[in-house]
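Novice: Before we start, here is the structure in question, set down as structure tokens.
What follows is calculated from the coordinates using simple rules that are stated; it is not laboratory data. Quantities reported herein were computed from a predicted structural model and do not represent experimental measurements. Don't worry about glycine lacking a Cβ; one is built from the backbone with ideal geometry, like all the others, and counts go over all protein chains shown.
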Amino acid sequence: MLQKSFNAKAEQDFKQYLEEIGDSIVLVSDGEVVKVHVHTNDPGLAIQRALKYGALSNMKIDNMRLEHQEKLVKMSEQQTGTKSADSLNVALVQEQPKEKKAVGFVTVSVGNGIGEIFKNLGVDCLIEGGQTMNPSTEDMLKAIEMINAETIFIFPNNKNIILAANQARDLTEDKKIIVVPTKNVPQGISSLISFVQDISPEENLETMMAEAEKVKTGQITYAVRDTVIEGTEIHQDDYMGIGDAGILSNGRDIDEVMMNMLDKMITEDTELVSIYYGADVKEADAQALLEKIQGKYDSVDVEFQNGGQPVYYYIVSAE
């Protein structure tokens, strides 16, 4: 600040004003130049008042809140071992209103088909994740910023992503963030379906978690090496049926592995089985397997959908 007659009274008046609009105030006079430092949410007010005392030079405005948030994000990534990757896609899939709406949804998704299911359930923003691409806290914050809503529900759909979602919640100040700690895609879908518009966010969280806990899940993948899991000998390239508590089936025939896994998932209380086939499964093969399942479990409703997910040939839920 250039000033010819910045006397003691002017300095006191200016300092008193700065105290009204901010803190961490420093005024240092050096001849005709007065250096001013202040932390404020409205730097324009400080500049406007300073112009009363003289011409301004070398102005510098930094967003300290943003810098602080970036430091916290880096710390959280070091703690969780995650880092935002350029290949991760954080995409807004619903048009946002100009005025804030009551509720919005963020979900981690895998595959085009599953992403389309989430979109049709009203999800606002999709984060493409997966077993080898865990979204970071920064990805979560980016998704939150895209949504114009007072309350935002986040569905991690992977136990390894829940911590990053919780840290994004803790770093968000202008929106209410509720993390629904879903551990897989079927839990996320079931939770979203159970959302009720007319009850509170806290009541919805309770309802969603109750529904998620009812879902039994299974996934068909393959073994990358010979191993022994829970006493079960598994060979490289075996198909494995993995349930909530561990290995449910394994073998060389994928249909047989699926049927054996379903035998352990389906009980007399099961009403609905939902199966999402992955990117490496041909539609004809999926259809043939569906006919086998419907023939064996004729008292259960079976839904078959193209999930398009990588790594897992089939993702299954039983409710």
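Novice: Apply the Karplus parameterisation 6.51 cos²θ - 1.76 cosθ + 1.60, with θ equal to phi minus 60°, to every residue of the stretch 251-268 and state each ³J(HN,Hα) to the nearest whole Hz, in sequence, with x for glycine and proline.
Specialist: x, 8, 9, 5, 5, 5, 4, 5, 5, 5, 5, 5, 4, 8, 9, 8, 10, 5
Novice: So which residue, out of Ser274, Ser190, Ser109, gets the largest mean-square fluctuation from a GNM of the chain using Cα contacts under 10 Å as springs?
Specialist: Ser274
Novice: Let me ask another. Going by how many other beta carbons lie within 10 Å of each one, how would you line up Glu319, Glu203, fewest first? Can you show the working numbers first?
Specialist: Working: Glu319 16, Glu203 11.
Neighbour counts put them in this order, fewest first: Glu203, Glu319.
Novice: Quick check: Cα centre of the stretch 197-272 to Cα centre of the stretch 88-123, how many Å?
Specialist: 26 Å
Novice: If I model a spin label as a point 7 Å beyond the Cα along the Cα-Cβ vector, how far apart are those points for Gln287 and Gln236 in nm?
Specialist: In this crude spin-label approximation the distance works out to 3.6 nm.
Novice: For the stretch 216-318, compute Rg over Rh where Rg is the Cα radius of gyration and Rh is the Kirkwood radius from the inverse mean 1/r over Cα pairs. Before the final figure, lay out the partial values.
Specialist: Working: Rg = 13.0 Å, Rh = 13.7 Å.
Across the stretch 216-318, the Cα-based Rg/Rh ratio is 0.95.
Novice: Let me ask something additional. Which residues among the stretch 282-319 fall inside the zone where the amide N is under 13 Å from a point 7 Å beyond the Cα of Arg225, along Cα→Cβ?
Specialist: Flagged as within label range: none.
Novice: Next question. From the phi angles alone, apply the Karplus equation (6.51, -1.76, 1.60; θ = phi - 60°) to the stretch 17-28 and give each ³J(HN,Hα) in whole Hz, x where the residue is Gly or Pro.
Specialist: Running phi through 6.51 cos²θ - 1.76 cosθ + 1.60 with θ = phi - 60° gives 5, 4, 5, 6, 10, x, 8, 6, 8, 9, 10, 10 Hz.
Novice: Another question, if that's okay. Under a straight-distance cross-link criterion of Cα-Cα below 25 Å, which lysines are reachable from Lys98, leaving out those fewer than 8 residues away in the same chain?
Specialist: Lys119, Lys142, Lys175, Lys176
Novice: On to the next question. With contacts defined as alpha carbon pairs under 8 Å and 6 or more residues apart, what's the relative contact order of the chain in percent?
Specialist: Working: 561 pairs, mean separation 40.3, N = 319.
Computed over the chain, the figure is 13 percent.
Novice: To continue, here is another question. Return the long-range amide H neighbours of Ile178 (sequence gap of 5 or more, or a different chain), with a cut-off of under 5 Å between placed amide H atoms.
Specialist: Ile152, Phe153, Ile154
Novice: Oh, and also: Using helices alone, I'd like the mean residue ellipticity at 222 nm for the chain: each DSSP H run of four-plus residues gives -39500 (n - 2.57), total over residue count, nearest 500. Spell out each step's value before the answer.
Specialist: Values: 10 runs with 117 residues, N = 319.
Rounded to the nearest 500, the figure is -11500 deg cm²/dmol.
Novice: Under the 0.36 nm per residue contour assumption, what length would be gained going from the current alpha-carbon distance of Ser24 and Gln294 to full extension? Intermediate values should be presented prior to the final figure.
Specialist: Details: separation 270, 0.36 × 270 = 97.20 nm, distance 7.01 nm.
Full extension of this stretch gives 90.2 nm more.
Novice: Oh, and also: For Kirkwood radius over Cα pairs in Å, the listed values are (1) 23.9; (2) 20.2; (3) 23.1; which was obtained by calculation from the structure presented?
Specialist: The value matching this structure is (3).
Novice: Running a GNM on the chain with Cα contacts under 10 Å, which residue among Pro135, Pro181, Pro97 ends up with the highest mean-square fluctuation?
Specialist: Residue with maximal mean-square fluctuation among Pro135, Pro181, Pro97: Pro97.
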